[in-house]
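*Asks:* I'd like to ask you about the structure that follows.
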Amino acid sequence: MDPAHFLAASLVIAAGSFVQGGVGFGSLLIAAPLLVLVDPRLVPGPVLLPGLALAVLMALRDRAGMHLGGVGWALAGRVPGSVVGALVLAALPGGAFELLVGATVIVGALATASGLRLHPTRLVLFVAGFVAGITGTTTSIGGPPIALVYQHHTGSTLRGTLSGFFVAGSLLSMLTLALVGHFGARELLLGLALLPGTVAGFAVSPPFVRWLDRGYTRAAVLVLSMAAGAALIVRRLA
């Protein structure tokens, strides 16, 4: 990756980490489609590593609001979902990858913006975790299904619960990708190169948490994500 592409990728990761540090989700919803435009090699494997680092930092900061029962049931669903996602990715034609990422981003953003109220029952969390396992492994975007369940809870609960889910979920997705040959030394090195942007974005987010919780940035995240997803689809179909 040349210096210009590396700088662009680092800025994308930093912006996504800043938003997720305040809202609780959105880092990869923003970053994944833009990173595919910068360098398709960065998704899904490499971007999972900075996503894991961000989740660990947020889980430590927002652990008081974490819904441990919800994390557990969502992860129970993510295990089989990740296996399905890895198999799908292994069989996916190369030209269809950008279409998959673009469609996943748009559907995830629309679902999150729908205002649908879901109660975090065991069944709902298991199904959300299963869907997140598929989308998180194939495209690195596993947040929207769980964010949809917790979007009407307090900011602390949303951030803490999603962070706990992302920590284990990212590790699981990297493992399943490695088993099908989509996460190795190259992906590890690319992911490590993006870590400084992750830390920088997260470091400047705490003072803005209260403002970000008002919902304005969440709407901007969804609009930007849908635009980026649409750009991927248009580029592939053009």
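*Asks:* Cβ-Cβ distance below 6 Å, separation of 6 or more or different chains: which pairs start in segment 86-105 with a residue that is closer than 22 Å to P145 by Cα and in contact (Cβ under 8 Å) with a residue 12 or more places away in the chain and end on one that is open to solvent by 50 Å² or more (accessible area, probe 1.4 Å) and assigned to a helix (DSSP H, G or I)?
*Replies:* Between residues of segment 86-105 that are closer than 22 Å to P145 by Cα and in contact (Cβ under 8 Å) with a residue 12 or more places away in the chain and residues that are open to solvent by 50 Å² or more (accessible area, probe 1.4 Å) and assigned to a helix (DSSP H, G or I), the close pairs are E98/R236; L99/R236.
*Asks:* Among the residues of segment 191-227, write down those that are among the β-branched types (V, I, T), open to solvent by less than 50 Å² (accessible area, probe 1.4 Å) and either modelled with pLDDT under 70 or not in a helix (DSSP H, G or I) (or both). Lay out the reasoning, then the answer.
*Replies:* Here is the first cut: in segment 191-227, the residues among the β-branched types (V, I, T) are 198-199, 204, 209, 217, 221, 223.
Still in the list and also open to solvent by less than 50 Å² (accessible area, probe 1.4 Å): 198, 209, 217, 221.
Across segment 191-227, the qualifying residues are T217, V221.
*Asks:* For segment 90-128, give me the residue count where each residue is hydrophobic (A, V, I, L, M, F, W, C), closer than 21 Å to L237 by Cβ and open to solvent by less than 70 Å² (accessible area, probe 1.4 Å).
*Replies:* So the answer is 10.
*Asks:* Go through segment 228-238 and give me each residue that's open to solvent by 40 Å² or more (accessible area, probe 1.4 Å), assigned to a helix (DSSP H, G or I) and either acidic (D, E) or modelled with pLDDT under 80 (or both).
*Replies:* Within segment 228-238, A231, R235, R236 qualify.
*Asks:* While we're looking at this one, here's another question. Within segment 129-182, can you find the residues that are assigned to a loop (DSSP other than H, G, I, E, B) and open to solvent by less than 10 Å² (accessible area, probe 1.4 Å)? So that I can check it myself, show each step before the final result.
*Replies:* Residues of segment 129-182 assigned to a loop (DSSP other than H, G, I, E, B): 140-142, 151-154, 180-182.
Answer for segment 129-182, where residues must be assigned to a loop (DSSP other than H, G, I, E, B) and open to solvent by less than 10 Å² (accessible area, probe 1.4 Å): S140, I141, G142.
*Asks:* Sticking with this structure for a sec: Quick check on my filter: what residues within segment 14-68 are in contact (Cβ under 8 Å) with a residue 40 or more places away in the chain, β-branched (V, I, T) and farther than 18 Å from P144 by Cα?
*Replies:* V36, V56
The values are calculated or read from the model by the stated rules, or taken from the named source; none is laboratory data. Source: prediction; values computed, not measured. As a convention, Cβ positions derive from the backbone with ideal geometry for all residues, glycine included, and neighbour counts pool all protein chains shown. In case anyone asks, the SASA skips ligands and DNA or RNA and just uses the protein heavy atoms, side chains included. Shrake-Rupley method; radii C 1.70, N 1.55, O 1.52, S 1.80 Å.
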